[in-house]
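Okay, so here's the structure we're looking at.
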């Protein structure tokens, strides 16, 4: 059976006003992940994703690239056990 994990990301850099949340949404949807993304007041983007380990790791790789206009400087990530609280993936 595939291992399911939960990851919480804080993405720093030029990540607001460049379509980053929509990029995260579409990437997470295509990987079958559940969770959400939202802008934080300090200019970062918060992402929480649950799903199989391989898909979450793939999302992490994609977050490092971001959409064309974004410039990702760093990503903080914390892994936990999934809480299974999400129906799908959404932008908040």
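Among the residues of segment 68-81, write down those that are out of contact with any helix residue (DSSP H, G or I) (no Cβ under 6 Å at 6 or more places or on another chain), in a loop (DSSP other than H, G, I, E, B) and surrounded by 11 or more Cβ atoms within 10 Å (Cβ to Cβ).
69, the sole residue that qualifies.
Restricting attention to segment 4-21, does a residue exist that is surrounded by fewer than 18 Cβ atoms within 10 Å (Cβ to Cβ), in contact with a helix residue (DSSP H, G or I) (Cβ under 8 Å, 6 or more places away or on another chain) and modelled with pLDDT under 95?
Yes: one or more hits.
Per-residue answers, yes or no, for (1) touching a helix residue (DSSP H, G or I) at 6+ places or on another chain (Cβ under 9 Å); (2) surrounded by 13 or more Cβ atoms within 10 Å (Cβ to Cβ):
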| site | (1), (2) |
| --- | --- |
| 37 | yes, yes |
| 56 | no, yes |
| 63 | yes, yes |
| 66 | yes, yes |
| 83 | no, no |
| 86 | no, yes |
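Looking at 49, 83 in this structure, which one is on the phi < 0 side of the Ramachandran plot and within 10 Å of the chain's Cα centre (by Cα)?
Residue meeting the stated conditions: 49.
Go through the residues of segment 26-46 one by one and say whether even a single one is in a helix (DSSP H, G or I) and either at pLDDT below 95 or in contact with a strand residue (DSSP E or B) (Cβ under 7 Å, 6 or more places away or on another chain) (or both).
Taking every residue of segment 26-46 in turn, at least one turns out to be in a helix (DSSP H, G or I) and either at pLDDT below 95 or in contact with a strand residue (DSSP E or B) (Cβ under 7 Å, 6 or more places away or on another chain) (or both).
The values are calculated or read from the model by the stated rules, or taken from the named source; none is laboratory data. Note that this is a predicted model, so its numbers are computed, not measured. We place every Cβ from the backbone using ideal geometry, glycine too, and count neighbours over all the protein chains shown.
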